[in-house]
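Asker: Structure in structure tokens, see below.
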Amino acid sequence: MCSGRVDLEFVLRAFSNGMDGVFIGGCRLNECNYITHGNYHALNMVLLCRKIMEHIGLNPERLRIAFMSSAEGIAFAEVMSEFGNKVKELGPLGKVEGIDQNELKSKLAGIRKLVPYIKVVKNEKLASHLVNPEEYDNLFTKDEIDKLFSEVISYYVDPEKCQACMMCAKRCPVEAIISAKNQVHVIDQEKCIKCGTCFEVCPTRFGAVTKITGGPVPFPVPEENRTIVRRGKEKAG
Ligand code: SF4
Ligand code: SF4
């Protein structure tokens, strides 16, 4: 497949499954047959992933991308041989880096959960067309990546403000909002991909969806206390 289809999630999954190294081969830059230039996407994804690897303590040399045409068999063999030797030299994933296996698994699982969020937040840079290889290392900086994980955004429905209009639940792309008529809506944080749609669509007169940066998300209101008692009906009752 096009190297542009190699998602950040695929690479992280390979490492989660115990691969010691990941190699991505793409067509030569600027020789893509399509206007999409997917190989640039692949390059940017690799540059981002390498910084994420550094962030969690993994050697970024375990991930390599190279560009060549299908006629360059010798170049391919040389690159693969060199990369294979490099990975052998590094040894099992996490060992040379001194990371405990369980800790590594949990770090990778945590990052994988954030992949949709990372792609939304870094959308612009992931679409860059870097011309000069000297720019590669600076596309994503260490501070930027540290901030990306220390200031993760979460969304929460304020039970005092929610009017159960259901707008957010209808628009959530991953059905992460527990929704029912006349019930305070609740975001399932395990399913939420942090796209921010609920925040945008909640009517301003309610303003019930809160954006939380880097902090803990309050516990959801218990199921038995989710019924919204509207003032008019309260009086009538
Ligand atoms: S942030 Fe996006 S994914 Fe999460 S609950 Fe809101 S709409 Fe759904
Ligand atoms: S859009 Fe706002 S008011 Fe409507 S159900 Fe969602 S959180 Fe509640």
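Asker: So, of the residues in the stretch 187-206 that are charged (D, E, K, R) and in a loop (DSSP other than H, G, I, E, B), which turns out to be most open to solvent (accessible area, probe 1.4 Å)?
Answerer: ARG205
Asker: Go through the stretch 207-232 and count every residue that is touching a helix residue (DSSP H, G or I) at 6+ places or on another chain (Cβ under 9 Å) and in a loop (DSSP other than H, G, I, E, B).
Answerer: 2
Asker: Can you tell me how many residues in the stretch 150-178 are more than 7 Å from ligand 2 (Cβ to nearest atom) and among the small types (Gly, Ala, Ser)?
Answerer: Selection size over the stretch 150-178: 3.
Asker: Test ILE145 against the stated conditions and say whether it is surrounded by 12 or more Cβ atoms within 10 Å (Cβ to Cβ), over 30 Å from MET53 (Cα atoms) and more than 10 Å from ligand 2 (Cβ to nearest atom).
Answerer: Working: surrounded by 12 or more Cβ atoms within 10 Å (Cβ to Cβ): yes; over 30 Å from MET53 (Cα atoms): no; more than 10 Å from ligand 2 (Cβ to nearest atom): yes.
Taking the combined requirement at face value, the residue does not satisfy it.
Asker: Moving on to the next point. Counting only residues that are within 21 Å of the chain's Cα centre (by Cα) and more than 6 Å from ligand 1 (Cβ to nearest atom), which one in the stretch 174-198 is nearest to VAL217 (Cα to Cα)? Spell out the reasoning first.
Answerer: As a first pass, look at the stretch 174-198 and keep what is within 21 Å of the chain's Cα centre (by Cα): 174-177, 187-198.
Still in the running and more than 6 Å from ligand 1 (Cβ to nearest atom): 175, 188-191.
Working: GLU175: 19, ASP188: 11, GLN189: 9, GLU190: 12, LYS191: 14 Å.
Checked the stretch 174-198; the qualifying residue nearest to VAL217 (Cα to Cα) is GLN189.
Asker: Still on this structure, I have one more. Could you identify the single residue in PHE67, PHE83 that is touching a Ser or Thr at 6+ places or on another chain (Cβ under 9 Å) and either of a type in the set (Lys, Arg) or touching a residue at least 24 places away in the same chain (Cβ under 8 Å) (or both)?
Answerer: PHE67
Asker: Among what's in the stretch 27-59 and is at pLDDT 90 or above and part of a loop (DSSP other than H, G, I, E, B), pick the residue that is nearest to ASP137 (Cα to Cα).
Answerer: Of everything passing the filter in the stretch 27-59, ASN59 is nearest to ASP137 (Cα to Cα).
Asker: Criterion first (in contact with a Phe, Trp or Tyr (Cβ under 8 Å, 6 or more places away or on another chain) and more than 14 Å from ligand 1 (Cβ to nearest atom)) does LYS161 satisfy it?
Answerer: yes
Asker: Could you figure out which of (1) modelled with pLDDT of 95 or more; (2) within 28 Å of MET45 (Cβ to Cβ) isn't true of GLN183?
Answerer: Only one criterion in (1) modelled with pLDDT of 95 or more; (2) within 28 Å of MET45 (Cβ to Cβ) is unmet by GLN183, namely (2).
Asker: Is there a residue in the stretch 207-216 that is among the polar types (S, T, N, Q) and within 8 Å of ligand 1 (Cβ to nearest atom)?
Answerer: no
Asker: For the stretch 19-68, enumerate the residues that are of a type in the set (Val, Ile, Thr), farther than 22 Å from VAL96 by Cα and out of contact with any strand residue (DSSP E or B) (no Cβ under 7 Å at 6 or more places or on another chain).
Answerer: Passing the criteria: ILE35, THR36.
Asker: Anything in the stretch 4-28 that is in contact with a Phe, Trp or Tyr (Cβ under 8 Å, 6 or more places away or on another chain) and open to solvent by less than 40 Å² (accessible area, probe 1.4 Å)? List them, or say none.
Answerer: GLY4, GLY21, VAL22, GLY26
Asker: Return the only residue of HIS41, HIS37 being closer than 20 Å to GLU124 by Cβ, touching a residue at least 40 places away in the same chain (Cβ under 8 Å) and open to solvent by 50 Å² or more (accessible area, probe 1.4 Å).
Answerer: Checking each option against the conditions leaves just HIS41.
The values are calculated or read from the model by the stated rules, or taken from the named source; none is laboratory data. These numbers were taken from a predicted model, which means no experiment stands behind them. No Cβ is skipped: glycine too gets one built from the backbone with ideal geometry, and neighbour counts run over all protein chains shown. Each accessible area value is taken on the protein alone, full model and side chains, heavy atoms only, with ligands, DNA and RNA left out. Shrake-Rupley method; radii C 1.70, N 1.55, O 1.52, S 1.80 Å.
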